[in-house]
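Right, one structure below, let's go through it.
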Amino acid sequence: MKSIKYILIFAVLALSSTVYATYEPNQQKITVNINRGWNLVPLFAWETESKISAGGMKNVDFKYKFVYQQEQNKYVLAEKNGQPTQRDFGFDIPLYASGWVYSEQDGQYSFGWGYPGFNSDHFALSQIKLSPGWNFTFVSPNMIGKTLNDIKGTCTFTKVYSYAKEGGEIRWLPLHQTMGLGESFSNYSVGFGLVIKVPTECHLGESIPAVPQLPE
């Protein structure tokens with residue numbers, strides 16, 4: 001029963017009465033629902049303040065922001081009350097990463113995608129490099145209509161999670177268990193954070209079926 005719930009929440013949200021996220025290519029923006037408490041959102045959105053729609057949440061509305069440092073397997077405080085806590089983290093943070101924001105209220109968070117000057121090449125699946133262990137990224141428009149198997153590229157996914165509200169509770173959703181039957185990402189899952197565990201270094205990308213072997 002839980003597996004069915006997760007699929008409905010993440011893969012076919014178009015049929016749900018609650019909209020968790022929307023991708024509007026004509027308006028060049030992505031909007032995600034923000035819950036009171038912790039939320040996993042794309043890091044590049046932190047830098048698109050001027051593209052946030054009027055009346056929506058702004059970066060300064062988040063009380064805390066944390067990024068994940070993989071080498072030391074720990075979270076690092078990036079901002080508090082809209083003010084950076086340090087100038088240099090001492091480690092690289094890719095544009096395609098996701099991070100934690102803490103909100104004291106429910107709301108919606110909109111940020112630009114595809115506007116003039118926006119370089120979507122940075123978010124091509126082949127540009128997303130995963131290192132052994134946990135990796136933070138997000139569902140991008142490039143993933144719409146694709147399954148986990150479609151985007152795995154050279155990777156072997158050990159575990160894949162998102163973090164969202166299910167049954168009135170905000171929790172980790174085990175997508176590696178619930179998207180194994182061909183369910184694909186939709187417009188309504190764009191913007192969701194993804195946490196992926198892999199055993200070796202690899203890149204996401206199109207998964208190409210094996211070419212038939214030559215006859216004997």
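Of all residues in region 89-117, those that are over 17 Å from Gly193 (Cβ atoms) have Cβ atoms under 8 Å from Cβ atoms of residues that are of a type in the set (Asp, Glu) and at pLDDT 85 or above, 6 or more apart or on another chain, in Phe91/Glu71.
Residue-level analysis places Phe185 outside the set of residues that are aromatic (Phe, Trp, Tyr) and under 22 Å from Phe62 (Cβ atoms).
When the residues of region 172-216 are filtered to those that are charged (D, E, K, R) and surrounded by 13 or more Cβ atoms within 10 Å (Cβ to Cβ), the one that is farthest from Ser110 (Cα to Cα) is Lys197.
From the list Ser131, Ser98, Ser110, the one residue that fits, being modelled with pLDDT of 90 or more, surrounded by 17 or more Cβ atoms within 10 Å (Cβ to Cβ) and of a type in the set (S, T, N, Q), is Ser98.
Within region 137-144, identify whether any single residue is farther than 25 Å from Ile170 by Cβ, over 14 Å from the mean Cα position of the chain (by Cα) and modelled with pLDDT of 85 or more, and answer yes or no. Taking every residue of region 137-144 in turn, none turns out to be farther than 25 Å from Ile170 by Cβ, over 14 Å from the mean Cα position of the chain (by Cα) and modelled with pLDDT of 85 or more. Mind checking which pairs have a first residue in region 154-173 that is free of Cβ contacts under 8 Å to residues at least 40 places away in the same chain and a second that is hydrophobic (A, V, I, L, M, F, W, C) and assigned to a strand (DSSP E or B), Cβ under 7 Å, 6 or more apart or different chains? Pairs found: Val160/Leu194; Val160/Ile196; Tyr161/Trp172; Tyr161/Leu173; Tyr161/Val195. Annotation: of all residues in region 28-67 being over 15 Å from the mean Cα position of the chain (by Cα), part of a helix (DSSP H, G or I) and modelled with pLDDT of 60 or more, the one that is nearest to Asp92 (Cα to Cα) is Glu47. Here is the figure for region 150-175: residues that are modelled with pLDDT of 90 or more and either at negative phi or among the polar types (S, T, N, Q) (or both) total 18. For region 82-139, a residue qualifies if it is of a type in the set (Phe, Trp, Tyr) and farther than 23 Å from Lys159 by Cβ, and the qualifying residues are Phe89, Tyr102, Tyr109, Phe111, Trp113, Tyr115, Phe118.
Here Tyr188 qualifies as among the hydroxyl-bearing types (Ser, Thr, Tyr) and closer than 26 Å to Tyr115 by Cβ.
The values are calculated or read from the model by the stated rules, or taken from the named source; none is laboratory data. All values derive from a computational prediction rather than experimental measurement. Because the Cβ atoms are built from the backbone with ideal geometry, glycine has one as well, and the counts that use them run over all protein chains shown.
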